[in-house]
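Values quoted throughout were computed directly from the atomic coordinates according to the rules given, and no laboratory measurement underlies them. From a predicted model like this one, the values you see are computed outputs, not experimental measurements. Cβ coordinates were reconstructed from backbone atoms using ideal geometry, including for glycine residues, and neighbour counts include every protein chain displayed.
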Amino acid sequence: MACTAFGAWGKASATGGLIQTRALDFGGGPFANYTVLAVHRSDPANPNHAFVSVSFPGFVGAITGIAQNGVGISEKVWMTYDKRSLQPGSYDGLADVFVLRDLLEKTSNRAEAMDYITKAKRTWAMWIGVGDFASQQLDLIGYKQSSAIAYTDVTAPTMTGQPYLESIAYVDKHPQPSGDGPTGSLPTVLADFYGNISLPVTKTITQFHQTGDLHIASYDFTNKEMYLSIGRVNRNGDYGPEGGNLDSWKAYNRPSLHFKLEDLWKGV
């Protein structure tokens, strides 16, 4: 799960508001061709807080999504670089996918999300990108069993080993601190598009970084829009036609679906 997460706002984005991306790298897997877009809007106690999840049939947790008047989530497994292994954790607690769903379903901003995470009985380590409509900014939360710390554009480089970019918080697809180093492909392309990062540009960024085989979701918090790219595998589990380019069907090489979030909330 060598995923990528980033958010750009202020001087860095084309709108001045938050543009957030979540790229899921998972390999072929058993469900690569079964992606569904699930919209949850059935809570009568909170009718204006629907959320959309990029999901799979029968999957009731969440790994990717954005909530009406709430938060958007990105996620990446937190692997260490020196031993290329997971951070310490256990199964005694709340599964990560249910934590992420609760953030979508139960919190309205970054502060509430961090409060929930602090109180949760955490299990396995991950990076969580949490952006919100209220602040139009994104935190990268270093989430593990022993602690949970929110990192900003200013403080994230202390963990990732990659350069500071004002109003961009990002973590690339590699174990952290990134083996790509300070001149890696993600900070390079983010800097190249600095000031112009938009939904269409996120497509170029993920393609240059070659991240997001299974799916890529990007959220525009100002215009309330979402781009979604979905990968496809052949019968051998490869992301491309048999005998052809086995990267051509990865999500970062495929077209994006364009959704108006208000349409999803209304069900039109």
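Brief remarks on what is shown
- With contacts taken as Cα pairs under 8 Å at a separation of at least 6 residues, the chain carries a relative contact order of 23 percent.
- Estimated purely from DSSP H runs of n ≥ 4, each contributing -39500 (n - 2.57), the mean residue ellipticity at 222 nm for the chain is -5000 deg cm²/dmol once divided by its residues.
- Gain on full stretching of the segment that runs from TYR194 to LYS11 - 0.36 nm per residue minus C-alpha separation: 65.1 nm
- Within the chain, longest stretch free of exposed trypsin sites (Lys or Arg not before Pro) [DSSP loop, at most 10 other beta carbons within 10 Å]: 122-234
- Just checking the listed ones, PRO47, PRO177, PRO255: in the Gaussian network model of the chain with Cα springs under 10 Å, the one fluctuating most is PRO47.
- For segment 4-266, the spread of Cα positions along each principal axis, largest first, Å: 53, 42, 39
- Note on segment 138-268: the C-alpha convex hull projects to 10.5 nm² when averaged across all orientations.
- Antiparallel bridges, percent of DSSP beta bridges restricted to the chain (to nearest 5): 95
- A run of the chain free of exposed loop cleavage sites, with GluC sites (Glu not before Pro) counted only in DSSP states other than H, G, I, E and B and at most 13 other beta carbons within 10 Å, reaches its longest extent at 1-165.
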